[in-house]
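The values are calculated or read from the model by the stated rules, or taken from the named source; none is laboratory data. Here the structure is a predicted model, which is why all the values come from computation and not from measurement. Cβ atoms come from the backbone with ideal geometry, glycine included; neighbour counts cover every protein chain shown. Surface areas here come from the heavy atoms of the whole protein model, side chains and all, with no ligands, DNA or RNA. Shrake-Rupley method; radii C 1.70, N 1.55, O 1.52, S 1.80 Å.
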Amino acid sequence: KKSYSITKIANSTQGSISGVSNAEYLDNVTLTVNPNYGYHFMQWNDGNTDNPRTFVLTRDTTFTAEFAKNTYTISTTSANQEWGTTAGDKSALYLENVVISATANYGYHFVRWNDNNTENPRTISVKKDATYTATFAKNTYYITKIANSTQGSILGVTQAEYLDNVMLTATPQDGY
């Protein structure tokens, strides 16, 4: 029997094709497409979508595998909706850049994302489905106490967090 060659073409960053490179006339040949992470097999150059693909060899043949990037979902959420909100939810292709952001409500500030990244806004290179949770914290405010020391004094904390109840005590000097 005559031997024929089988040329397999695939973009190496997207995947590969396994199977023999030579076979004899009328042999059954099987080729298998192996997509790399982040990609999936779409079709062969002739439109066939079988994977693996088996065919009867009758001549020198070339097969090209066509790939496409996977689509992943990026989700954002707030650890406490009353303290702040997030934006940037999106379906995106593998390695696409997506911008996510967190916006603190009045009296609060953004602290970090669940992966300890503190950038805000932040650009994500999409590699898988992922959820990013924003953590917020209460703002701390400083309390300035002013009293004429000959007339009296003020006792109490010098700082407190947003919405904390604070007690200050004014104590007059004798005669005031």
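Looking at the range 39-123, which chymotrypsin sites (Phe, Trp or Tyr not before Pro) are in a loop (DSSP not H, G, I, E or B) and have at most 11 other Cβ atoms within 10 Å? Mind showing how you got there, number by number?
Values: sites: Y39, F41, W44, F55, F63, F67, Y72, W83, Y94, Y106, Y108, F110, W113; in loops: W83, Y94, Y106.
The qualifying sites are Y106.
Expressed as a whole percentage, what fraction of the accessible surface of the chain belongs to carbon and sulfur atoms when a 1.4 Å probe is rolled over the protein heavy atoms? It would help to have the intermediate numbers written out before the result.
Working: 5180 of 10990 Å².
The value for the chain is 47 percent carbon and sulfur by accessible area.
Using alpha-carbon pairs under 8 Å, 6+ residues apart, how would you state the relative contact order of the chain in percent?
15
State which stretch of the chain is the longest one without any exposed trypsin sites (Lys or Arg not before Pro), exposure meaning a DSSP loop state and at most 13 other Cβ atoms within 10 Å.
The segment 60-126 is the longest one with no such site.
Taking a probe of 1.4 Å, how large is the accessible area per residue of the chain, in Å²? List each step's numbers first, then the result.
Details: 10990 Å² over 176 residues.
Computed with neighbouring chains in place, this is 62 Å² per residue.
Write down the percent of antiparallel bridges among all DSSP beta bridges whose residues are both part of the chain, to the nearest 5.
Looking only at bridges with both residues in the chain, the antiparallel portion is about 80 percent.
Residue farthest toward the positive end of the dipole of the chain, with Cβ of Lys/Arg at +1 and Asp/Glu at -1: which of T62, N114, T135?
Of T62, N114, T135, it is T62.
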